[in-house]
Each structure stands twice: as structure tokens, then as C-alpha cells.
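Q: Dropping the structure in here first, questions after.
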Amino acid sequence: MAAVVACVPALAMAQSLRCDDKIISEGTTRAKVAALCGEPTQVDQKSLYYPVASTGHRSDLTPATVEFQVEVWVYNFGPDRLMQRIRFEDGLVVRIESIGYGY
């Protein structure tokens, strides 16, 4: 039992999704997910801005940021399967989560 409990965090970190007998996991492109899983039920898009450290040069004293495009896709596979939420950053899968049974 202790071995199973010890593996739970590792399993949560490495989520994957099966579409069309292929595995979707971290690092898969947005285009490949769409080709294998079809169009999602819902798409949310936003931009995130992360600060970039200054190099210390006098000409580089203004704070800089880097923009990341974030999309979250939700797939609803019906009442017999769990819905899946896929987060993309700059077009690549960074997280897959199960979010309850579909409808």
C-alpha cells in the first residue's frame, strides 16, 4: 500500500490522454492534438507576461517582459469518459487534467 501512495504524486505530474490510439502528453504540439483528438468543446486564450532579469547594463535598466501565449482546451467525450483539460503554452502541451465526467 505504501508503494502505491508513494507513486501517486509521480502519476499526477505525468498526465497523458489517449486519442485515436495515440498518446498525447507534455510537449505535444497543438496541431497534433487537434489532428488526433478533433476540435475541443471549449477554448480559452490569454497572454501571460513574465519579467526578464536585467543584465545590469545602463541601457538595460527598464524592466522587460516576455509574452507567452496560453490556451486551455476542454474535451468532452461524453458521459462515459472523463472530460480533459489541456493547457498549451506557446503551442505545446504543458498540462493535462481530468475534470469530471462529461455530459
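The values are calculated or read from the model by the stated rules, or taken from the named source; none is laboratory data. Here the structure is a predicted model, which is why all the values come from computation and not from measurement. So basically every Cβ, Gly included, is an ideal-geometry build from the backbone, and we count neighbours across all protein chains shown. With ligands, DNA and RNA removed, areas are computed over all heavy atoms of the protein, side chains included. Shrake-Rupley method; radii C 1.70, N 1.55, O 1.52, S 1.80 Å.
Q: Which residue pairs have Cβ atoms closer than 7 Å, lie 6 or more positions apart in sequence or on different chains, and pair a first residue in segment 24-41 that is free of Cβ contacts under 8 Å to residues at least 24 places away in the same chain and more than 17 Å from GLN69 (Cα to Cα) with a second residue that is among the aliphatic types (A, V, I, L, M) and open to solvent by less than 30 Å² (accessible area, probe 1.4 Å)?
A: Correct list of pairs: LEU36/ILE24.
Q: Regarding LYS22, is this residue at pLDDT 95 or above and open to solvent by 90 Å² or more (accessible area, probe 1.4 Å)?
A: no
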